[in-house]
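The values are calculated or read from the model by the stated rules, or taken from the named source; none is laboratory data. In this text the structure is predicted, and so the values were computed from the model without any measurement. Quick reminder, even Gly has a Cβ in these numbers, built from the backbone with ideal geometry, and neighbours come from all protein chains shown.
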Amino acid sequence: MKYYMPTIVIEEDNVVEKNADIFKKLGQKAIIVTGRNSSKKNGSLNDVIRVLTKNNIDYVVFDEVIENPPIIQCVLGAKLGKDCDFVIGIGGGSPLDVAKGVALLIKNGPDNYMHKLFGRTGDESLPVVAIPTTCGTGSETTPYSVFTDENIKNKVSMKQRIFPKYALLDIKYFKSMPLKVRISTVIDALTHAIESYVNRTSTPYSSMYAFKTIVLFGKNKEHLLEEDLDDRVLRDYVRASTFAGCAISQTGTSLPHTLGYPLTFYYDVPHGIANSIFTKEFLGISEKKYVDTILRLARFNSLDELGDYLINANKMVCEQLIISDLEIEAYSMTLMENQAKLKKHPGKVTIDDVRKLYEESLKNYE
Ligand code: NAP
Ligand code: FE
């Protein structure tokens, strides 16, 4: 059994200002990788720029990252930041994932980028500082980066594993999340915990983080749909997300994540919702011991109650989805090709199971 999670996590108010030393140690020039708007509005980008300027650290800003980012954004960022010493990712999972890709391609050059990102070359990357502003992906404590691949019309994970060197968490950056982003990301964290625990590769170490995530979710689940959130609740959601990142950093995710990718690619279903559409039926094909533990920790009386809770929350974000039988067949066949993912499930999974997971889960959204 192995547990390896090298990211230094610092969670405190005004974390960027209080930890200027980190940036000074990492070099003389940084590239900031972020989305188009939110980091400008919630103060995170300004805080970073102020600290870099005060410490005479030069910087460039790549603020083009879009949701479910295409691979090419890593190349564009790497070209802009070619003479940088380190990368600062600010935002949700999308900018944090691109920051990791940019860090790899600056260190190794942007030529032949598909091989560098998706071949197991063992290449190293520049150091990454991750400053999350959504509470779901846990990308600040995972070594993964997920991109949209237009060629295969699906989402793909970078093969190189890059843990951020630092994860800096400040509750104030999360307060501006629109309700739909918060719902989708909190639920993403819950699915990470569930898929990490119900996983052939889980260990007592990874499950410890998964359990804590589920407990924090259960304790605060009545507040998920509230427009104005108490700081205490928001802090629990943020921690749940980072803890779930620690869990999947060891195990990866399982079937619901892969089942959900085509819904995001073809129908723009936000990532967390796309996974959790399948959570109930996924647990339905999982051993009772897993289900009982999850229900107890999350404070649900039955699997139906958990299922209804998720449908209700998901419908705040995604009311209707009409997917044809032909599409379900195509998605199912694609999943069956992903042997690595199928092996994560602690039980045999046939194409009939996968088809049924799609059919039974999507019924609720027609
Ligand atoms: P996201 O795609 O990063 O951002 C979603 C939206 O939220 C964007 O419009 C963004 O605006 C906005 N936003 C972010 N922070 C905000 C804030 N504090 N206030 C207001 N708006 C804010 O969403 P995400 O769900 O965090 O990330 C999803 C991506 O992460 C997917 O590509 C998924 O596959 C990937 N993922 C990665 C891992 C991993 O381990 N690396 C795990 C799970 C999922 P701006 O664009 O203006 O910033
Ligand atoms: Fe996820």
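Given the structure, is residue 129 away from ligand 1 (no atom under 14 Å from the Cβ) and surrounded by 17 or more Cβ atoms within 10 Å (Cβ to Cβ)?
Details: away from ligand 1 (no atom under 14 Å from the Cβ): yes; surrounded by 17 or more Cβ atoms within 10 Å (Cβ to Cβ): yes.
So residue 129 fits the description; yes.
Can you find a residue in region 296-317 that is within 16 Å of ligand 1 (Cβ to nearest atom) and either basic (Lys, Arg) or modelled with pLDDT under 95 (or both)? Can you show your working first?
Of the residues in region 296-317, the ones within 16 Å of ligand 1 (Cβ to nearest atom) are 313-314, 316-317.
If we keep only those that are either basic (Lys, Arg) or modelled with pLDDT under 95 (or both) as well, we get none.
No, the conditions are met nowhere in region 296-317.
Of all residues in region 164-180 being in a loop (DSSP other than H, G, I, E, B) and over 20 Å from residue 224 (Cβ atoms), which is nearest to the chain's Cα centre (by Cα)?
Here the residue is 164.
Can you work out which of the residues in region 192-251 that are buried (at least 20 other Cβ atoms within 10 Å of the Cβ) and touching a strand residue (DSSP E or B) at 6+ places or on another chain (Cβ under 9 Å) is farthest from residue 144 (Cα to Cα)?
238
Which numbered condition in (1) closer than 30 Å to residue 332 by Cα; (2) outside any helix (DSSP H, G or I) is the only one that residue 307 fails?
(2)
Answer yes if at least one residue in region 177-185 is hydroxyl-bearing (Ser, Thr, Tyr), away from ligand 2 (no atom under 15 Å from the Cβ) and under 30 Å from residue 299 (Cα atoms), and no otherwise.
No, every residue in region 177-185 fails to be hydroxyl-bearing (Ser, Thr, Tyr), away from ligand 2 (no atom under 15 Å from the Cβ) and under 30 Å from residue 299 (Cα atoms).
Can you give me the number of residues within region 198-247 that are within 14 Å of ligand 2 (Cβ to nearest atom), polar (S, T, N, Q) and free of Cβ contacts under 8 Å to residues at least 40 places away in the same chain?
1
Can you say whether residue 146 is over 26 Å from residue 230 (Cβ atoms), within 16 Å of ligand 2 (Cβ to nearest atom) and aliphatic (A, V, I, L, M), as far as the supplied structure shows?
So residue 146 fits the description; yes.
Can you tell me which residue in region 248-276 is farthest from ligand 2 (Cβ to nearest atom), limited to those that are under 13 Å from the mean Cα position of the chain (by Cα) and among the aliphatic types (A, V, I, L, M)?
Out of the qualifying residues, it is 273.
Determine, yes or no, whether residue 305 is surrounded by 24 or more Cβ atoms within 10 Å (Cβ to Cβ) and more than 16 Å from the chain's Cα centre (by Cα).
It is false that residue 305 is surrounded by 24 or more Cβ atoms within 10 Å (Cβ to Cβ) and more than 16 Å from the chain's Cα centre (by Cα).
Quick one: which helices (runs of 4 or more DSSP H) sit completely within region 59-118 and have at least 3 residues that are in contact (Cβ under 8 Å) with a residue 40 or more places away in the chain and crowded, with 24+ Cβ neighbours inside 10 Å?
93-108
I need a count of the residues in region 31-45 that are touching a residue at least 60 places away in the same chain (Cβ under 8 Å) and touching a strand residue (DSSP E or B) at 6+ places or on another chain (Cβ under 8 Å).
We begin by selecting, within region 31-45, every residue touching a residue at least 60 places away in the same chain (Cβ under 8 Å); these are 31, 33-35, 38-39, 41-44.
Cutting the leftovers down to touching a strand residue (DSSP E or B) at 6+ places or on another chain (Cβ under 8 Å) gives us 31, 33-35, 38-39, 44.
So the answer is 7.
Across region 6-25, what is the number of residues that are free of Cβ contacts under 8 Å to residues at least 12 places away in the same chain and touching a strand residue (DSSP E or B) at 6+ places or on another chain (Cβ under 6 Å)? Break it down stepwise before answering.
Narrowing region 6-25 to residues free of Cβ contacts under 8 Å to residues at least 12 places away in the same chain: 18, 21, 25.
Applying the additional criterion that residues be touching a strand residue (DSSP E or B) at 6+ places or on another chain (Cβ under 6 Å) yields none.
Count: 0.
What's the total number of residues in region 24-47 that are among the hydrophobic types (A, V, I, L, M, F, W, C) and more than 13 Å from ligand 1 (Cβ to nearest atom)?
Here is the first cut: in region 24-47, the ones among the hydrophobic types (A, V, I, L, M, F, W, C) are 26, 30-33, 45.
Among the residues that remain, those that are also more than 13 Å from ligand 1 (Cβ to nearest atom) are: 26, 30-31.
Residues meeting the conditions: 3.
Check residue 161 against each of (1) buried (at least 24 other Cβ atoms within 10 Å of the Cβ); (2) free of Cβ contacts under 8 Å to residues at least 24 places away in the same chain and name the one condition it does not meet.
Condition not satisfied by residue 161: (1).
Of all residues in region 119-163, which are polar (S, T, N, Q) and either part of a strand (DSSP E or B) or at pLDDT 95 or above (or both)?
125, 133, 134, 137, 139, 141, 142, 145, 148, 154, 157
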